[in-house]
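Below you'll find the structure, written out as structure tokens, and then a few comments.
The values are calculated or read from the model by the stated rules, or taken from the named source; none is laboratory data. Quantities reported herein were computed from a predicted structural model and do not represent experimental measurements. For neighbour counting, all protein chains shown are included, and Cβ atoms are generated from backbone atoms with ideal geometry for every residue, glycine included.
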Amino acid sequence: MGPFMSPFNNLLCMLLGISFTVWFTLLLVFIIVPAIFGLSFGIRRLYMKTLLKVFEWATVRMERGAKEKKHLLYKPYSLNSIIAKEPTSLEEELKEIRRNCSSRELDGSASTTTSPSPSSSEFEMSDTFYFCRRGIESIVDDEVTKCFTAEELESWNLLTRSNNNFNHISTRLTVLWGLGVVIRYGFLLPLRMKNFLSEKVHLMCYRICVRALTAIITYHHSENKPKNGGICVANHTSPIDVIILASDGCYAMVGQIHGGLMGLIQRSMVKACPHIWFERSEVKDRHLVAKRLSNHVKDKSKLPILIFPEGTCINNTSVMMFKKGSFEIGSTVYPVAIKYDPRFGEAFWNSSKFGMVNYLLRMMSSWAIVCSVWYLPPMSRQEGEDAMQFANRVKAAIARQGGLVDLLWDGGLKRGKVKDTFKEEQQKLYSKILVGTQEVRSRS
Amino acid sequence: MGSRASSLLREEDIEEIKKQTGFSHSQITRLYSRFHSLDKGENGALSREDFQRIPELAINPLGDRIINAFFPEGEDQVNFRGFMRTLAHFRPVEDNEKNKDPTSGEPLNSRTNKLFFAFQLYDLDRDDKISRDELLQVLRMMVGVNISDEQLGSIADRTIQEADTNGDMCISFSEFTKVMPGKAIDITADLQNGA
């Protein structure tokens, strides 16, 4: 066996060596060189189209597989929404419940007491039903928790993490998935690791990052790009938002100082450009923050400030409440809407679940990052509008452009609890129904 | 079963839950995913804090009572089976249930069981009677601080008077059912059957 093994081994080593060299050269030629010159080969678009076709095929196979087993493929919220009824107001609902009650009594059920005609201002034991219904509905599905979990896809993109249906459907599918794993971890990941750690000057650095993540970004309305002395606000999904925006223009960043890898990146960025980093405890002192921001903005030679007013990463299906601090300063606001295509990789960073390194790993081993960036026309605060209303106006414009749901809930709910004032409002409303508006005393 | 924290639900489990609760396959997977997203500790069971983290539930005046209904007597954790059993009460009542197993007993979402769920919202000490105090407690939860004690007291008294037929100043379950709307009380979320 001896003599047979060694030439075979040599051959194997040689093959490996050659393939490795070839692979490496291709890497160099196709990725790094164009990045330096800002060119594009259009390969990435082709790549994207191919991927989409593959995903479609995979989904069809899975649907067929599920049909054979005679049950429906598990699809996300939009199609099989579990809650059927339209949300109604407290008053309408109570009236309907009580109407059911009164019609029953007209049927002539023998009751010993002469029940008074149920006017709308009396308590019925069935009133609990309304609150019960709302409660159970919110357990089954609620707007806020949805924002902080990764969006669910209708088709499967061969990343196990984005689908719960991963059972053995067919060998072909499994092979394809296996191949996908090999490609992603063996090819795309090392490629990106190397590229990501390289050190270059501002725009070139970001451009490489963009290519490293195989990011295919479409910029719309570049004529509305933020100018010096303005504030750029955008919806926030992941730290990659920064890279995406910064590769198309220079900004001064404002944000929370992080520890670990993120902090390292932040500190290195400060060397290239003046940025404003805060401690969260310092953020609470809003006057200090506002002062620093307005000083920066007044200086027309300084770069536009980039702010994410939601305060935290949202999963890119909706836009949550904007904190009004950045809107109080009074300069022109340039809204930007960023929308990721979730079919190619989930860009959302759930910082309460995953750390930064874990997140980066997942990002780099996805298929691609495909997103669209819309630069919206600049807005400024109008007469008689306060900061909160202005913030909501900007938020609505961003949500409309990006096709996202406009929510009133606070992004802070990712980590904190909801305020009791909301509950008190509901209680007040119900009391009014019971006893009429005059008698409800407002306690301070 | 037990403490296994896997993210996949087995086929046998799904079949069993289907038989017990009447939910469809896709509804069960959908609700399992929901259960999982609520379970922050990832230990395969929900605690009261997990429920309270839902903002819409936290601001519901009866939120605590509803959460309580999920937990069996004296326990602090509810697993997926228990979760589904409670939610099963809120499936709409169907006139003729196909594949109805005659030996399985009354389905979880029958009118009686729905009413019993509502009854238990009031009856905190589970003695099968709603006393004046228990009624007052629920009323107080629903109106907050906006109505005085005397007014609330008179509302409670009037309600008991109307419903009480055997004169014990408490509302038993049978008295409760008599004062309830005749039409099928789909008290809550009509969980739509996936076609």
**Prompt:** Quick check: is even one residue across region A:349-365 modelled with pLDDT under 70 and not in a loop (DSSP other than H, G, I, E, B)?
**Reply:** yes
**Fill in**
Matching residues in region B:109-166 (exposed (fewer than 14 other Cβ atoms within 10 Å of the Cβ), within 8 Å of chain A (Cβ to nearest Cβ) and of a type in the set (Asp, Glu)) number 0
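A quick yes/no check of all residues on (1) closer than 30 Å to B:Val138 by Cα; (2) buried (at least 17 other Cβ atoms within 10 Å of the Cβ); (3) in contact (Cβ under 8 Å) with a residue 60 or more places away in the chain:
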{"position": "B:Phe35", "(1), (2), (3)": "yes, yes, no"}
{"position": "B:Lys40", "(1), (2), (3)": "yes, no, no"}
{"position": "B:Ala45", "(1), (2), (3)": "yes, yes, no"}
{"position": "B:Glu49", "(1), (2), (3)": "yes, no, no"}
{"position": "B:Leu62", "(1), (2), (3)": "yes, yes, yes"}
{"position": "B:Val78", "(1), (2), (3)": "yes, yes, no"}
{"position": "B:Gly82", "(1), (2), (3)": "yes, no, no"}
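Let's see how each residue does on (1) modelled with pLDDT of 85 or more; (2) under 16 Å from B:Leu121 (Cα atoms); (3) more than 7 Å from chain A (Cβ to nearest Cβ):
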position	(1), (2), (3)
B:Arg10	no, no, yes
B:His36	yes, no, yes
B:Gln52	yes, no, yes
B:Asn60	yes, yes, no
B:Ile66	yes, yes, no
B:Phe70	yes, yes, yes
B:Gly82	yes, no, yes
B:Thr86	yes, yes, yes
B:His89	no, yes, yes
**Request:** Can you work out which of the residues in region A:122-140 that are among the aromatic types (Phe, Trp, Tyr) and not in a loop (DSSP other than H, G, I, E, B) is farthest from the other protein chains (Cβ to nearest Cβ)?
**Result:** A:Tyr130
**Message:** Can you tell me how many residues within region A:363-385 are surrounded by fewer than 17 Cβ atoms within 10 Å (Cβ to Cβ) and under 12 Å from A:Gly330 (Cα atoms)?
**Reply:** 5
**Asked** Given B:Val138, B:Val145, which one is among the β-branched types (Val, Ile, Thr) and free of Cβ contacts under 8 Å to residues at least 24 places away in the same chain?
**Response** B:Val145
